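Engineer: The structure that follows is given in the form of structure tokens.
The values are calculated or read from the model by the stated rules, or taken from the named source; none is laboratory data. On a predicted model such as this, the values are computed, not experimentally measured, just so you know. Ideal geometry is used to build each Cβ from the backbone, glycine not excepted, and the neighbour counts take in all protein chains shown.
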Amino acid sequence: MKVLFATTNPAKVKKYKKALEKKGIELLTIQDIEKQIKIDENGENAVENAIIKAQSYYQITHIPTIGMDNNLYIEELSSKEQPGTHVKRIHGKELNDEEMIAYYTDLIKKYGGRVNGKWVYGMAICNKGEIYTTSWSKENFYLVDKPCKERNPGYPLDSISVMPKYNKYWLELTEEEKQENKKQDNVEEIVQFIVEHVK
């Protein structure tokens, strides 16, 4: 069956695509349906923004739709300074991957070159008029002011994220370390959540 992932972020699709294919689900993206709408992501958290995306695209396509959003919190920043729901939108401007790396490395320099980070994820599925949501978080990593050479299109901050357990950038983990990290990312649980609510 076909399910729409309401995102233009290739990293989000890549994370779940193969696992969902094994469950008989073909992930479509916004590019596949050739319909783009302007969405005002004005939710107060990741789940609210995920709902906005899922509902908006389901109303147009009537295909079961996944919306996803992630919020970034940095321990050293005040509540007013937190990126939160505006990880990519800085001072009203939508940053591309390299601009995000530049912005955050400059910010981190002001705090000594290293800060503790936390991602909070929200996912929503809109199917047959019903909304289903889930949320999870990832912590135990820090962000640094010197990016590695590797890039993960769609997730630029992976280039400045370090896993203390391995003392490596996320993008420099071995395949074995990545598999262990996938468990921490709740990939299997999220795939199961999607399967349960789109069929």
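Engineer: Condition first: in a strand (DSSP E or B), under 19 Å from the mean Cα position of the chain (by Cα) and of a type in the set (S, T, N, Q). Now tell me which residues in the stretch 90-144 satisfy that.
Structural biologist: N116, T133, T134, S135, S137, N140, listed by residue number.
Engineer: Let me ask another. Just need a number here: residues in the stretch 3-24 that are closer than 16 Å to G67 by Cβ and touching a helix residue (DSSP H, G or I) at 6+ places or on another chain (Cβ under 9 Å).
Structural biologist: 10
Engineer: Which members of the stretch 1-14 meet the condition of being part of a helix (DSSP H, G or I) and hydrophobic (A, V, I, L, M, F, W, C)?
Structural biologist: Selection gives A11, V13.
Engineer: Taking the stretch 15-52 on its own, how many of its residues are at pLDDT 95 or above, surrounded by 12 or more Cβ atoms within 10 Å (Cβ to Cβ) and part of a helix (DSSP H, G or I)?
Structural biologist: Number satisfying all stated conditions: 8.
For (1) touching a strand residue (DSSP E or B) at 6+ places or on another chain (Cβ under 6 Å); (2) under 18 Å from N152 (Cα atoms), each residue gets a yes or a no:
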position: N71; (1), (2): yes, yes
position: L77; (1), (2): no, no
position: I90; (1), (2): no, no
position: A102; (1), (2): no, yes
position: T105; (1), (2): no, yes
position: G112; (1), (2): no, no
position: G122; (1), (2): yes, no
position: C126; (1), (2): yes, no
position: G129; (1), (2): no, no
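Engineer: For the structure I just gave you, tell me whether I25 is farther than 14 Å from I190 by Cα and among the β-branched types (V, I, T).
Structural biologist: Against the criterion (farther than 14 Å from I190 by Cα and among the β-branched types (V, I, T)), I25 does not qualify.
Engineer: May I pose another question? Collect the residues in the stretch 98-128 that are under 29 Å from I51 (Cβ atoms) and either among the polar types (S, T, N, Q) or surrounded by 21 or more Cβ atoms within 10 Å (Cβ to Cβ) (or both), keeping them in residue-number order.
Structural biologist: Y104, N116, G117, G122, M123, A124, I125, C126, N127 - these are the residues of the stretch 98-128 that are under 29 Å from I51 (Cβ atoms) and either among the polar types (S, T, N, Q) or surrounded by 21 or more Cβ atoms within 10 Å (Cβ to Cβ) (or both).
Engineer: Among (1) among the charged types (D, E, K, R); (2) in contact with a strand residue (DSSP E or B) (Cβ under 7 Å, 6 or more places away or on another chain); (3) surrounded by 15 or more Cβ atoms within 10 Å (Cβ to Cβ); (4) over 20 Å from E189 (Cβ atoms), where does K12 come up short?
Structural biologist: K12 satisfies all of (1) among the charged types (D, E, K, R); (2) in contact with a strand residue (DSSP E or B) (Cβ under 7 Å, 6 or more places away or on another chain); (3) surrounded by 15 or more Cβ atoms within 10 Å (Cβ to Cβ); (4) over 20 Å from E189 (Cβ atoms) except (4).
Engineer: Continuing with this model, one more query. Look at the stretch 150-190 and say how many of its residues are touching a helix residue (DSSP H, G or I) at 6+ places or on another chain (Cβ under 8 Å) and not in a helix (DSSP H, G or I).
Structural biologist: Adding up the residues that qualify gives 14.
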